Amino acid sequence: MYDKILLPYDGSEGAAAVLHHASEIAHRSDATIHVLYVADTARESLTVVESDVVDTLVQEGENTVDEAAKTLDTLGVTHETDVVQGHPAETIVEYAEHYDFDLVVMPTHGRKGISRYLIGSVSEKVVRLSSVPVLTVRMLDDEPLAFPYERILVPTDGSGRAAHAADHALSLAATLDATVHVLSVVDTTSLGPDVRSVISDGETVATEAVEAIVAEAEQRGIPTVEHVDEGAPVEGILDCIEANGIDAVVMGTAGRSGTERILLGSVAEKTVRSAPVPVLTVRSPEPE
C-alpha cells in the first residue's frame, strides 16, 4: 500500500507514540519511514559555543532524529532521517511532494511538551495543502492506537472528491482485511421552511452516494456497513465512530484555486481536530 512514509517528528511523548504507530504501518506495507525534523526558521536558534556559532535547533533536531532511528532499529523498520530548516507546515508539504512520499503521518494533539508545529493549525494546514495523503493522529492519554485497523469509516457527500478518497480507503481496507463503514450525513443544520422536502431529497442523494461506494467495495470483496444519518456532518461522523468502534477514518480534501478550502467545507478539518481515532485525508487530484 505504501512504500515511503514521511514522519515529521520532535521526540515528545506524543510523537513517540505516533512513531510506533507509523512503524506498524510500515511493517504491514514493508515501507521505509523517513523521520524529518523541521528547525523552525521563525524561532531564534543561533548561539555561540566556545567561539563557534551553533544552530541549537538544528543540533536538537539531529539528536532527536538519531533517537528516533535507534527506536526504529529496535523495531526492525527500514528508515532514513533528515533535518531541514524552514516554516514547518509549508516545509513538510514541499518535502513530501518533492521526494514523492506515499503518506505523511503526524499527530494533531499530544501530551505536555509536544512542539507547536506538530499540533493545531500546522497539522491542519498540512492537511489542507498536501497532495500526499496525510494520516493525522490525535493523541489521547487513555486510549491506545489500534492497528491493523479492523473497521474503517468513509464519509461521503457523493462528490468526485469523496469518491477519490473512498477508492484509497478501499485499497487500504483490502490490504488490512478491514470492514468499511460508509456514511453520508444529510446536513439539516441550516434548512429553510420546506424541511421535509429538503430532507427527503437529501436522503436520496446520501443513499445513492453510500450505495455507489458499497457497490465498488463488493466488487473488491470488501465487507461493508451502510449508514445514512441526519444532522450536523461532524457530529454524525463522531457518533458513527463511537457507536461502531471505528479504528480510522478516511475522507477527502481538495484544494481550490487560490484557497485552502477542503472537502465538505470545514468538515474534514474539524474531523481531523476532534476525532478520537486516526484520520487519513486524501486530496483529490482535480479541484472542484
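Annotations
- Once the Cβ-Cβ distance of GLU62 and ALA146 is raised to the sixth power relative to R0 = 35 Å, the FRET efficiency obtained is 0.60.
- Other residues lying with their Cβ under 13 Å from the Cβ of ALA174 contribute a combined charge of -2, Lys and Arg counting +1, Asp and Glu -1.
- Length gained when the stretch ASP73-HIS87 is fully extended (0.36 nm per residue, less Cα-Cα span): 2.1 nm
- Efficiency of FRET from Cβ geometry, ALA215 and HIS20, R₀ 35 Å, rounded to 0.05: 0.45
None of the figures in this text is laboratory data; all of them are computed from the coordinates on show. None of these values were measured; they are calculated from a predicted model. Positions of Cβ are generated from backbone atoms using ideal geometry, with glycine treated the same way; all protein chains shown enter the neighbour counts.
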